[in-house]
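The values are calculated or read from the model by the stated rules, or taken from the named source; none is laboratory data. In this text the structure is predicted, and so the values were computed from the model without any measurement. Cβ: placed from backbone, ideal geometry, glycine included. Neighbour counts: every protein chain shown.
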Ligand code: PRX
């Protein structure tokens, strides 16, 4: 079964109302995403359907029906209210991909809180920056990650509640609360907070070129876009077994790892373990996964193990494959046709867009290497970099831009209006990426228009890395740039000038790498450090990252006078 219909037909006759009506969005004054991801599916008579099949890294499996999700999310919501968390408070979820993560997400929304999921591999500095900025009131975590919170808690006056889901009372440190979702008294009836459609729901931190990470703020009515894109682009139907490989610390793991699939009432699977080719194929075979949403880096890793690894398993269950997060090379599409008998369909979007905006729509001709065309309801173009006027010449590169107004567009960067406003020009939202459009309307991604590093589909901000580097005792100044990598597309490379008295050697390189890994995350850790006497700067003293980056990519450096004025 599939939802495929003609792209052209849907594009020309589209109205977001189609989605809102299917969802019955707003019926009885209900706009809360939490309702649409659990209670509504139960009300429709599918309470016994499996909502979540979870598999841990040891292979242990747990299953939850939609009715379980409804009741446990009620338990979470009531618990938070009992502990004094109020509607509008930011509640961070900081844990590995265990069932409590997914269910807490729904529970926080149900009580009117703003969920702030953070990647559990974040080190304490990365965590601190984001909790401080959001003035987060409560964190829900596990004992494995509680230590990082303990070490920064005294610097976070707004953080009132630290809730740990897997410890007994006696193991708590002062000021911590223990909470066991499954052992708590079931909450059959919970009065879901009657939020309006424009009330904030999810706060996702994302990295930019300058300054600290920014919190992209979404609202409850984003579900209108997440639901219909999950249905039409991921092509999930209620009979599917769906697997989104993304961690909910990133937007893919919430828009299409929680909200979209559960609003569609599909059975979704979660594998709480890192990448491993055999494990992944086993997982698909075991749970008979039909729709698979993953990222190009994973596809490249699978490619390395070849089609022979695929042939050991019966993966005939797979019906539709979609990719996100980084450019999907033509080779990946062609290989997947050989390996799985179907192409990966690219989908392009961002934390800020909240839902897929450009895609190889199911049923549409896939041009390997192209991202496809705008989703119905999305007006997308490329703009001239100087005039911000639309480029009409096919093949000419410009800035990807979208007409504001789709339901899941971010409504703010948390307490950073200036940065938010700077993303809009001439009535367009500027994505910060470059692309061309061919004569048939297909978008061909070229690259980012800033210095943000995309490693394995995850954005890391150079500023955050450079700030952390400066805290290392040996570092006088530094620059972080992306360098090409065969698997991860880019990895972080740092250029470091040392303070007097420090000697550049392999031990120091390792010490700096580990320092960043612990402080920020394994993703932000430089894979290479080049020690330099000094860094190239503009006349005003700004480090010329672009020049360093261009060298790494073997690109023409061109006229440095323009770089100097950057
Ligand atoms: O540069 C683009 C790249 O990832 C950025 C968005 O990253 P983030 O906000 O973390 O969200 C990632 C998941 C939606 C974009 O600005 N990107 C995302 N999808 C693609 C892509 N680059 C090329 N092709 C894609 N399909």
Being more than 19 Å from residue 195 (Cα to Cα), at pLDDT below 95, out of contact with any helix residue (DSSP H, G or I) (no Cβ under 8 Å at 6 or more places or on another chain) and surrounded by fewer than 17 Cβ atoms within 10 Å (Cβ to Cβ), is that true of even one residue in the stretch 33-51? no
Across the stretch 210-220, what is the total count of residues that are surrounded by 23 or more Cβ atoms within 10 Å (Cβ to Cβ) and assigned to a loop (DSSP other than H, G, I, E, B)? 0
Taking residue 223, is it in the same structural domain as residue 122 (by TED's automatic domain parsing), over 27 Å from residue 56 (Cα atoms), touching a helix residue (DSSP H, G or I) at 6+ places or on another chain (Cβ under 7 Å) and buried (at least 24 other Cβ atoms within 10 Å of the Cβ)? yes
Just checking, does the stretch 174-188 include any residue being modelled with pLDDT under 95 and surrounded by fewer than 20 Cβ atoms within 10 Å (Cβ to Cβ)? yes
Somewhere in the stretch 402-418, is a residue more than 16 Å from the ligand (Cβ to nearest atom), over 30 Å from residue 201 (Cβ atoms) and in the same structural domain as residue 214 (by TED's automatic domain parsing)? no
Of everything in the stretch 230-258 that's within 16 Å of the ligand (Cβ to nearest atom), assigned to a helix (DSSP H, G or I) and out of contact with any strand residue (DSSP E or B) (no Cβ under 8 Å at 6 or more places or on another chain), which residue is nearest to residue 355 (Cα to Cα)? 255
Taking the stretch 7-31 only, how many residues are touching a residue at least 40 places away in the same chain (Cβ under 8 Å) and surrounded by 12 or more Cβ atoms within 10 Å (Cβ to Cβ)? 14
Among the residues of the stretch 389-396, is there at least one that is more than 27 Å from residue 269 (Cα to Cα), crowded, with 16+ Cβ neighbours inside 10 Å and at pLDDT 95 or above? yes
Hey, among the residues in the stretch 428-468 that are near the ligand (Cβ under 10 Å from one of its atoms) and not in a strand (DSSP E or B), which one's nearest to residue 479 (Cα to Cα)? 452
Provide a single number: the residues in the stretch 504-548 that are out of contact with any helix residue (DSSP H, G or I) (no Cβ under 9 Å at 6 or more places or on another chain) and part of a helix (DSSP H, G or I). 10
Residue 481: at pLDDT 95 or above, buried (at least 17 other Cβ atoms within 10 Å of the Cβ) and within 16 Å of the ligand (Cβ to nearest atom), yes or no? yes
Being buried (at least 20 other Cβ atoms within 10 Å of the Cβ), in a helix (DSSP H, G or I) and touching a helix residue (DSSP H, G or I) at 6+ places or on another chain (Cβ under 9 Å) is the filter here, so list the residues in the stretch 129-144 that pass it. 131
Given the conditions (1) surrounded by 24 or more Cβ atoms within 10 Å (Cβ to Cβ); (2) within 18 Å of residue 111 (Cβ to Cβ); (3) touching a strand residue (DSSP E or B) at 6+ places or on another chain (Cβ under 6 Å), and given that residue 200 satisfies all but one, which numbered condition is not satisfied? (1)
Which condition from (1) free of Cβ contacts under 8 Å to residues at least 40 places away in the same chain; (2) more than 17 Å from residue 218 (Cβ to Cβ); (3) more than 15 Å from the ligand (Cβ to nearest atom) is the one that residue 398 breaks? (3)
Yes/no for residue 88 being in contact (Cβ under 8 Å) with a residue 40 or more places away in the chain, touching a strand residue (DSSP E or B) at 6+ places or on another chain (Cβ under 7 Å) and surrounded by fewer than 24 Cβ atoms within 10 Å (Cβ to Cβ): yes
Residues being touching a strand residue (DSSP E or B) at 6+ places or on another chain (Cβ under 9 Å) and outside any strand (DSSP E or B) - total across the stretch 469-502: 8
I'd like the residue in the stretch 166-209 that is in a loop (DSSP other than H, G, I, E, B) and within 16 Å of the ligand (Cβ to nearest atom) and, out of all such residues, is nearest to residue 257 (Cα to Cα). 207
